[in-house]
Amino acid sequence: MAQVIDDFARTIQLDELWSDPYPIYRTLRENQPVAWVPAANRYLLTRHSDIAYLEKHPEIFSAAETHSLMIRVMGLTMLRQDGADHLRERKAAEPALRPRMVKQRWTPAFQRIADELIDGFRDRGEADLFTEFAAPMAAKCLAAVLGLADVPAQDLQTWSQAMMDGTGNYADDPVVWQRAESAARGVERAVDAAIERLSAHPDDSVISAMLHAEDPLTPRQIRDNIKLFIGGGLNEPRDATTVGTYALLTHPEQRARVEADPSRFKDVFEETVRWVAPIGMYPRQTTMETELGGTVLPAGAKLGIVLASANRDESVFDNPDTFDIDRTGRVHLAFGGGPHFCLGTWTARAQVGAVALPTLFRRLPGLRLSGAEPVRWGGWVFRGLLNLPARWDV
Amino acid sequence: MPKIVYVQPDGTETALDVDAGTTVMRAALAAGVQGIVAECGGNAMCATCHVYTDPSDSDRLPAVGDDEDEMLDCTAGAREDGSRLSCQLPITEAMEGLAVRVPREQV
Ligand code: HEM
């Protein structure tokens with residue numbers, strides 16, 4: 001039996017994970033919750049309980065991965081450090097991202113961004129809401145929060161994609177490296193211009209917070225951490241926006257209740273990121289030999305923490321594959337946990353749950369899938385819709 | 001080693017002897033007390049380690065800080081007079097016998 005299970009983990013292919021990882025995760029959760037998966041070159045952790053344990057023990061499960069492609073692309077960011085060094089960089093950015101700041105300062109800006117984008121295509125009666133709404137909305141909101149409001153949304157999107165492709169460039173493709181490097185240089189130039197402006201005139205942005213913190217970050221630390229924000233703060237709200245919209249469009253009964261009581265968009269957001277976690281997997285590395293889920297992990301073992309699977313764990317969520325906004329009291333892990341708990345949690349809740357989703361449904365009456373082409377899904381490290389062709393009444 | 005008592009919504013109590021220096025949140029996690037989720041691990045960023053203290057205990061607890069006050073407006077269970085984030089309550093000898101109620105809703 002053990003042999004058969006071992007064979008299953010060995011047969012997993014990355015392209016299968018990319019097209020639909022969920023059946024594979026179910027088998028792993030049942031049979032081998034901590035499994036060496038050669039195709040991923042990592043042990044994959046798939047149970048909610050093991051991941052919740054890991055997130056409470058950063059001293060055993062380090063974020064400072066060796067030979068990290070993220071460090072190669074972005075330099076040393078807060079997300080690849082532990083302990084006091086990590087906390088110092090995180091705390092410097094935090095004032096710009098705390099809930100009160102998000103509510104008072106950023107939410108009104110997010111609302112203007114959403115309305116302007118919708119003004120641009122509403123009369124047409126149809127649009128691909130991925131390219132025309134979710135992606136530019138995520139980029140413009142991020143630009144505002146970071147202190148890069150004058151950087152074109154398209155540049156941020158291009159940089160973000162190029163850097164993320166670099167962090168996943170295990171195939172060592174030279175073209176991918178080249179694009180990632182030029183994206184990193186682009187970010188550095190934009191950040192340097194912002195530093196010059198914000199040094200003399202502080203504002204509420206992340207870059208300004210880092211510059212004027214009690215223990216300020218160096219220009220290099222600011223540049224590298226802003227690469228992390230751009231690489232990791234754009235796809236996720238974009239994907240939560242398209243997936244949340246799609247979920248309501250395909251669950252008319254829940255949609256009707258949410259439209260009747262817009263305060264429920266909050267629940268739509270949380271259930272969306274549970275159902276399809278935008279960050280499906282993040283890496284960690286053991287600092288010592290340890291046992292987890294019945295598997296002995298050697299020191300230095302590379303792990304893939306599969307949040308997408310934890311969020312569908314049947315021992316925690318009833319009917320885990322079903323989209324259901326009425327779930328209560330169950331902890332999804334879409335924002336991670338422990339010291340690296342998503343720093344953008346409150347921003348994401350505001351831009352997607354409080355602004356993007358309610359505004360789309362309010363301003364586009366009769367919103368529906370266009371049917372002209374099928375919606376497509378993809379990804380496992382990051383997962384979401386690749387398009388969202390829609391129509392509405394004009 | 002002060003004793004801290006965690007009271008569940010159904011009245012069940014867990015009494016823990018806790019080292020000074022840790023926090024009410026960490027002690028609960030280490031002992032697996034139900035209902036203390038603590039997603040952010042003590043950063044005062046998630047509001048999922050909310051507990052109710054008795055307002056009469058306020059003078060043996062540190063004052064509510066700005067970050068904590070802000071997060072207490074984001075809790076799943078309603079905020080009350082004695083609402084605290086347990087990650088912001090370092091254990092001291094003065095807290096001997098402190099009782100904290102765990103809210104019905106934490107997320
Ligand atoms: C729905 C949207 C989002 C989801 C699901 C999400 C998810 C996550 C997760 C799972 C982590 C932990 C990764 C790890 O531990 O390896 C993380 C970290 C992080 N996120 Fe998000 N994120 C979202 C939006 C954002 C946004 C909008 C921003 C920026 C404004 C952001 C900034 C960050 C940063 C800076 C970190 C690193 C924190 C640290 O290392 O201490 N995220 N996010």
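The values are calculated or read from the model by the stated rules, or taken from the named source; none is laboratory data. Just so it is clear, the structure is predicted and the values come from calculations on it, not from any experiment. All Cβ positions, even for glycine, are placed from backbone atoms using ideal geometry, and neighbour counts span all protein chains on display. Accessible surface areas use protein heavy atoms only, side chains included; no ligands, DNA or RNA. Shrake-Rupley method; radii C 1.70, N 1.55, O 1.52, S 1.80 Å.
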### Query
Once you charge only the Cβ atoms, +1 for Lys and Arg and -1 for Asp and Glu, what is the size of the charge dipole of the protein assembly as shown about its Cα centre, to the nearest 20 debye?
880 debye
### Task
For region B:54-107 and region A:181-238, write down the distance between their C-alpha centroids in whole Å.
35 Å
## Note on the structure
Listed by chain and number, the aspartates and glutamates with an alpha carbon less than 18 angstrom from that of A:K302, same-chain partners under 8 positions apart left out, are A:D6, A:D50, A:E55, A:E59, A:E65, A:D82, A:E289, A:E291
#### Entry: Distant-in-sequence amide H partners of A:R42 (H built 1.01 Å from N, under 5 Å)
A:V37
### Query
How big is region A:2-391 on each of its three principal axes, counting only the C-alpha atoms and giving the largest first in Å?
60, 52, 41
### Surrounding net charge for A:R255, when Lys and Arg each add one and Asp and Glu each subtract one, Cβ distance under 14 Å
-3
### Message
Using a 1.4 angstrom probe on the protein heavy atoms only, could you order B:S58, A:S205, A:S315, A:S370 from most to least accessible area?
### Response
A:S315, B:S58, A:S370, A:S205
## Note on the structure
In deg cm²/dmol, rounded to the nearest 500, the helical mean residue ellipticity at 222 nm of chain A, built from -39500 (n - 2.57) for every DSSP H run of length 4 or more, is -14500 deg cm²/dmol
### Query
Can you give the charge dipole size of region A:249-352 about its Cα centre, rounded to the nearest 20 debye, using +1 on the beta carbon of Lys and Arg and -1 on the beta carbon of Asp and Glu?
380 debye
### Query
Any idea what the dipole of region A:69-116 comes to, in debye rounded to 20, about its Cα centre with Lys/Arg Cβ at +1 and Asp/Glu Cβ at -1?
160 debye
### Max mean-square fluctuation residue, GNM over chain A, Cα-Cα springs under 10 Å, options A:E270, A:E196, A:E30
A:E196
### Message
Can I get the semi-axes of chain B's equivalent ellipsoid? Compute them from the C-alpha gyration tensor as square roots of 5 times the eigenvalues, in angstrom, largest first.
### Response
18, 15, 13
### Query
Add -39500 (n - 2.57) for each DSSP H run of 4 or more in chain B, then divide by its residues: what number comes out at 222 nm, to the nearest 500 deg cm²/dmol?
-3500 deg cm²/dmol
### Message
Which residue, A:A247, A:S68, A:T295, has the largest displacement toward the positive end of the dipole of the protein assembly as shown when charges sit on each Cβ (Lys, Arg +1; Asp, Glu -1)?
### Response
A:A247
